[in-house]
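**Student:** Once you've had a glance at the structure underneath, I'll fire off some questions.
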Amino acid sequence: MTDLLRLTAAQQAELLERGDVSPGEAFEFWRGRAAGDDLGSYLWVADAAPTDVGRLPPVAVKDLFCVEGVPSGAGSRILEGYRPPYTATSVRNLRAAGAAVLGKTNQDEFAMGSSNENSGYGPVQNPWDRRRVPGGSSGGSAAAVAAGTTPWAIGTDTGGSIRQPAALCGIVGLKPTYGAVSRYGMIAFASSLDQCGPLTRDVTDAATLFGHLVGRDPCDSTSLEYPEEVRRPSAERLDGLRFGVWGLEEEGLERGVADVVRRTLGTTEELGGGVEEIELPSARQGIAAYYVIAPAEASANLARYDGVRYGPRTGDGDLTAMYEQTRHDGFGDEVKRRIMIGTYALSSGYYEAYYGTAQKVRTRIADDFRAAFERVDFVVTPTSPTVAFKLGERTADPLAMYLSDYFTVPMSLAGIAAVSIPAGLSDGLPVGFQIAGPAFSESRILDAGHALEKAIGFEGVPHT
Ligand code: GLN
C-alpha cells in the first residue's frame, strides 16, 4: 500500500480501475496519511470513507469550499463551527467523478494572504523546510500534496493563491480561465477574480482533475461550458511554439530564481520552442490595481458576517454593538485591513479616483496580454519572485507580502489561464515556472508544461 505514496493520482486511478486496489483501501490509506500530518495542513480530516467513495483517489479540499455537514470556514474564526447545508459544485463534480473528500485544508483567512500565516487556526509549515512558509493562500493544499498526505488537492486563486504556494512547495498549480469552473459554494473573497483549480504532483494529474471540474453551472451565472474536451497532456517537444518571457529584469527577483527560470528557457529552446522577450507595459501596475479591486469586492462580500446568520456571535446590548463586537472578535487583522481599504475605495468621493482607475488598469492589462498573444503562444515568467520565505519574515510588512504575487496577479486581472510547474531548486528550495495562455488554453499550457516537466525531471520531497 505504501506504493500508493509513490504514484501520481492518475497512476492510482489506473490501479483502482483495474481493481488492484479497492476504493475503500485507497481511501483508508490516504486518510491515515492525512490524519498523521504534522505540518498544520488540515483543519478537518474525514473519519471514515464515505459511502460514495469511487474510482479516483480522494482529494483534499481548501477550507473555503462548502461541503454539506463538514466544517467549512475559509480559515476564519468568524465561521468557526459552521457546517453548510449544501456542497460546492466543484466538489460535487469531483465526487461524481469518483473522488471523495479526504479533508479540509488550512488557508489564509478568506484567502487573503501569500504565506498561510493569516489563517485563524495557525500557520502551515513548508515540507521542504519547516521554518518556512508554504505560500498562500492555498498553503494547506500545497503542503499536503508536497508532503504526500493527499494524492491531490483543490484550492482557489484570486491573485496567485494556487500558483504561488504550488511554486513554493515544488508542485503543479493551475489557475483556470475565469468562468471555466463554477464558483458556487466557494466562500467568496473577490468574485470577479476567484477561481477554483487543482494542486497536483504533475501536469497529468492537473489535467485530470481540471477535466472533472469544468463546466457550466446554472448556480453560477459567470460559469461557461468548456469549449473543448480537456486533453491528457502528452507533448514531448515544443517545436514551432513561441514563448514570450516577461519579468526577468524586475527589481526584487531573487538571483537564484532568475537562474532557474533562465535554465528552463534554455530547456524550452532545446525542445524546439522559440523564446523572446515581451513587454506587458501595464502589468507593473497589476499589484496596485489588484489591491483596490480585490479589497473593494471583499468589503462587499464580507458584509454578511455579522453574527446573525453564521458562526459565533459576541456582544450583548443593541444590534449595532453585537455586529461590531462579532466582527471585531471574528476577523483577523489582514481581513480588517482589506475591509477598510475596500470600503474607503468605494466611498462616494473616492470611487472614481480609486476603483474606477483600477478598473481601467485592469482593462489595459487584459489588452497587453491580447497583444502579446498575437506574437507568442505563451507568456512565461517566474511564478514567485523568491523561494519560500521564513515564517514571520513578512508578517509585519504587508507591502512585502503583497509583492509575492507580482507575477501572478496580472493573469488573474486578465481572467486568463496560467500554470506553475516546478522547474528546479535554488538553495535547496523549489522554484516555479509560470506558463500563461489565452482564455481556455488550459490543454495547451498543460501540454507545454508536460514537455518541460519530462525534460526537467524535477524530484519532489522524499516521502516517508
Ligand atoms: N496573496 C493575494 C492576496 O492576498 C492573492 C490571494 C489569492 O489569490 N486568494 O490577496
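The values are calculated or read from the model by the stated rules, or taken from the named source; none is laboratory data. Since we're looking at a predicted model, the values are computed, not measured. Reconstructed Cβ throughout: ideal geometry from the backbone, glycine too, with neighbour counts over all protein chains shown. Ligands, DNA and RNA are excluded from the accessible area calculation, which covers all protein heavy atoms including side chains. Shrake-Rupley method; radii C 1.70, N 1.55, O 1.52, S 1.80 Å.
**Student:** So for the chain, taking the charge dipole from beta-carbon charges (+1 Lys/Arg, -1 Asp/Glu), which of Asn106, Leu174, Gly159 sits furthest toward the positive end?
**Tutor:** In the chain, that residue is Asn106.
**Student:** Can you pull a Stokes-Einstein diffusion coefficient for the range 11-160 at 20 °C (1.002 mPa s), Rh from Kirkwood over Cα pairs, as a whole number of µm²/s?
**Tutor:** The diffusion coefficient I find is 142 µm²/s.
**Student:** What is the range 399-450 by shape, rounded, prolate or oblate, if you read a ≥ b ≥ c off the alpha carbon gyration tensor as root eigenvalues and call it rounded for a/c under 1.5, prolate for a/b larger than b/c, and oblate otherwise? Provide the component values of the computation, followed by the final result.
**Tutor:** Working: a/c = 4.86, a/b = 1.18, b/c = 4.12.
Oblate shape, in that a/c is at least 1.5 and b/c is the bigger or equal ratio.
**Student:** Run the paramagnetic zone check for Thr222: 7 angstrom along Cα to Cβ, then residues of the range 395-420 with backbone nitrogen under 16 Å.
**Tutor:** Within reach of a label on Thr222: 409-418.
**Student:** How large is the charge dipole for the chain, taken about the Cα centre, if only the Cβ atoms of Lys, Arg (+1) and Asp, Glu (-1) carry charge, to the nearest 20 debye? Walk me through the numbers before you get to the answer.
**Tutor:** Numbers: 43 positive and 59 negative charges, 91 e Å.
With Lys and Arg at +1 and Asp and Glu at -1, about 440 debye.
**Student:** A follow-up question, please. Rounded to the nearest 0.05, what FRET efficiency is calculated for Glu250 and Asp316 with R0 set to 56 Å and r the Cβ-Cβ distance?
**Tutor:** Efficiency, from the Cβ-Cβ distance: 0.60.
**Student:** On the principal axes of its Cα set, how long, how wide and how thick is the range 184-230? Give whole Å, largest value first.
**Tutor:** Answer, in whole Å and largest first: 29, 23, 15 Å.
**Student:** Quick one: which residues, 5+ away or cross-chain, put their amide H under 5 Å from the amide H of Asp63? H built at 1.01 Å from N.
**Tutor:** Thr105
**Student:** Compute the length gained on full extension between Asp427 and Gln325: take 0.36 nm times their separation in residues and subtract their Cα-Cα distance, giving the result in nm to one decimal. Before the final figure, lay out each step's value.
**Tutor:** Details: separation 102, 0.36 × 102 = 36.72 nm, distance 4.59 nm.
Additional length available on full extension: 32.1 nm.
**Student:** Right, another one. Write down the accessible area per residue of the range 211-253 in Å², having rolled a 1.4 Å probe over the full set of protein chains.
**Tutor:** Details: 2620 Å² over 43 residues.
For the range 211-253, the per-residue accessible area is 61 Å².
**Student:** Report, by chain and number, residues whose modeled amide H sits under 5 Å from the one on Arg242, excluding near sequence neighbours (fewer than 5 apart, same chain).
**Tutor:** Gly274, Asp377, Phe378
**Student:** Over its Cα atoms, what ratio of radius of gyration to 2.2 N^0.38 Å does the chain give? Walk me through the numbers on the way to the answer.
**Tutor:** Values: Rg = 20.7 Å, N = 464, 2.2 N^0.38 = 22.7 Å.
Expressed relative to 2.2 N^0.38 Å, the Cα Rg reads 0.91.
**Student:** Nearest 0.05, what FRET efficiency do Ala353 and Arg83 give at R0 = 25 Å with Cβ-Cβ as r?
**Tutor:** 0.05
**Student:** Using modelled backbone amide H atoms (1.01 Å from N, in-plane), which distant-in-sequence or interchain residues come within less than 5 Å of Leu391's amide H?
**Tutor:** Arg132, Val133
**Student:** Using only the alpha carbon atoms of the range 377-464, find the Kirkwood hydrodynamic radius as the inverse mean reciprocal pair distance, in angstroms to one decimal. Walk me through the numbers on the way to the answer.
**Tutor:** On the way: mean 1/r = 0.0694 Å⁻¹.
The Cα-based Kirkwood calculation yields 14.4 Å.
**Student:** Could you do me a favour and compute the accessible area per residue for the range 254-319, 1.4 Å probe, result in Å²? Walk me through the intermediate numbers first.
**Tutor:** On the way: 3270 Å² over 66 residues.
On a per-residue basis, the range 254-319 sits at 50 Å².
**Student:** Between Rg and the Kirkwood Rh of the range 112-206, both from Cα atoms, what is the Rg to Rh ratio? Show your work: numbers first, answer last.
**Tutor:** Values: Rg = 12.4 Å, Rh = 13.0 Å.
Answer for the range 112-206: 0.95.
**Student:** Here's a follow-up. Using Cα-Cα distances under 8 Å and only pairs 6 or more residues apart, what relative contact order does the range 264-412 have, in percent? Could the numbers behind the result be given before it?
**Tutor:** Numbers: 127 pairs, mean separation 46.5, N = 149.
Normalised by residue count, the contact order of the range 264-412 is 31 percent.
**Student:** For the chain, what % of the accessible area comes from carbon and sulfur atoms, probe 1.4 Å?
**Tutor:** Carbon-and-sulfur percentage of accessible area, whole number: 49.
**Student:** Moving on. Hey, got the Cα dimensions of the range 88-138 along the principal axes, in Å, largest first?
**Tutor:** 38, 23, 15
**Student:** Remind me, relative contact order of the chain in percent, using alpha carbon pairs under 8 angstrom and six or more residues apart?
**Tutor:** Across the chain, relative contact order equals 18 percent.
**Student:** Kindly provide the trypsin sites (Lys or Arg not before Pro) of the range 248-310 that DSSP labels as loop, not H, G, I, E or B, and whose Cβ sees at most 10 other Cβ atoms within 10 Å.
**Tutor:** Arg309
**Student:** Can you compute 3J(HN,Hα) from phi for each residue in the range 70-77, using the Karplus curve 6.51 cos²θ - 1.76 cosθ + 1.60 with θ = phi - 60°, rounded to whole Hz and x for Gly and Pro?
**Tutor:** Each residue's phi maps through the Karplus curve to give 10, x, 9, x, 6, x, 10, 5 Hz.
**Student:** Solvent-accessible area per residue for the range 320-409 at a 1.4 Å probe radius, Å²?
**Tutor:** Per residue, the range 320-409 has an accessible area of 49 Å².
**Student:** Equivalent ellipsoid semi-axes for the range 309-434, as square roots of 5 times the alpha carbon gyration tensor eigenvalues: give them largest first, rounded to whole Å.
**Tutor:** Ellipsoid half-lengths, sorted descending, are 36, 24, 12 Å.
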